[in-house]
1. When you scan region 27-36, how many residues do you find that are in a helix (DSSP H, G or I) and either at pLDDT 85 or above or open to solvent by 90 Å² or more (accessible area, probe 1.4 Å) (or both)?
2. Filter region 194-212 down to the residues that are touching a residue at least 60 places away in the same chain (Cβ under 8 Å) and either hydroxyl-bearing (Ser, Thr, Tyr) or buried (at least 19 other Cβ atoms within 10 Å of the Cβ) (or both) and list them by number.
3. Answer yes or no as to whether SER84 is polar (S, T, N, Q), in contact with a helix residue (DSSP H, G or I) (Cβ under 7 Å, 6 or more places away or on another chain), surrounded by 14 or more Cβ atoms within 10 Å (Cβ to Cβ) and modelled with pLDDT under 90.
4. Would you mention how many residues in region 134-164 are closer than 20 Å to SER262 by Cα and in contact with a helix residue (DSSP H, G or I) (Cβ under 8 Å, 6 or more places away or on another chain)?
5. Where the second residue is of a type in the set (Lys, Arg) and surrounded by 14 or more Cβ atoms within 10 Å (Cβ to Cβ) and the first is within 11 Å of VAL266 (Cβ to Cβ) and modelled with pLDDT under 85 and lies in region 214-234, which pairs have Cβ atoms under 8 Å and are six or more apart or on separate chains?
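The values are calculated or read from the model by the stated rules, or taken from the named source; none is laboratory data. Model, not experiment: these values are computed from the prediction. Neighbour counts are summed over all protein chains in view; Cβ atoms, including those assigned to glycine, are modelled from backbone coordinates with ideal geometry. To get the accessible areas, we keep the full protein, side chains included, count just its heavy atoms, and leave off ligands, DNA and RNA. Shrake-Rupley method; radii C 1.70, N 1.55, O 1.52, S 1.80 Å.
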Amino acid sequence: MNPEPHGERIVRDTTSPRPFVSADHHTPDGGATELEAAQRALASEHVRLTDALSRAESALAMRDEVLAIVAHDLRAPLNAVQSSAAFLTDVELAEPERRRLLDVIRRAASSMNRLIEDLLDVSRMESGAFTVELRELDVAALAGEVCEQFRLQATEGGRSLECKVEHAVPPVRGDRDRLSQVLENLISNALRFTPAGGSVTVRVTRQGSDSVVCSVSDTGVGIPPEELPHLFERFWQARRYRRGGAGLGLAIARGVVEAHGSALAVESEPGRGSVFSFVLRSD
């Protein structure tokens, strides 16, 4: 006896393969595309990590070099302090000799303090914590005073030092101590790189009704064009010339000038000297 049907029986063929659907639902080769993207990301990350490692190694090398430069610059004044103090302690000295040794100690301490202050200034500039106190300032008189500080040094080195101030230069807004520091650094550098028989000239001139241009020019060795981009880098001069000094003067001078809303410009030609200049405003 045949069973009576209760409804339609549906039979499916479960042995036939179903069509493949790509994971990205776009193209059949989506897996290859994802692999290529991952490879590109991996290559990019490798470049980033390699660059970070290179920067870290450069920073460590710079740290070691900075420590070597600072240690070198501190050694001479420390030796002067130690030897002078030993004489004052162990030897009976006449008053003139005692005063001379005390003066040696004073100057050595001043030199060490200046290096420490320079390092702190650079640190403040890099962290954005460096500030200036702007007040009305007779920059022409300031330039004359700073020039006088270097008059003897210039004469003893066989160089001439002139200060040329234009008549009726208006007062400016500036930080007297910091701008004095800028002029001292620029004049000191100019004298260092100007041979005997050469000259250094400090000029203060009007620019329009409310601005003053300050410049320090020399007839020294000049600066090769390839060195100009590095000129204001901290410690660069110390590494390049090995003439003593931490090589912070120009970096600090630029930072001070920029804090006054200006820029420290330089023009130079090898064998014919250099000119450093900046503009100060009265408002």
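1. 4
2. Correct list: THR194, GLY198, VAL204, SER211, VAL212.
3. Spelling it out, it is not the case that SER84 is polar (S, T, N, Q), in contact with a helix residue (DSSP H, G or I) (Cβ under 7 Å, 6 or more places away or on another chain), surrounded by 14 or more Cβ atoms within 10 Å (Cβ to Cβ) and modelled with pLDDT under 90.
4. The qualifying residues number 5.
5. Listed by first residue and then by second, the contacts come to PHE232/ARG254.
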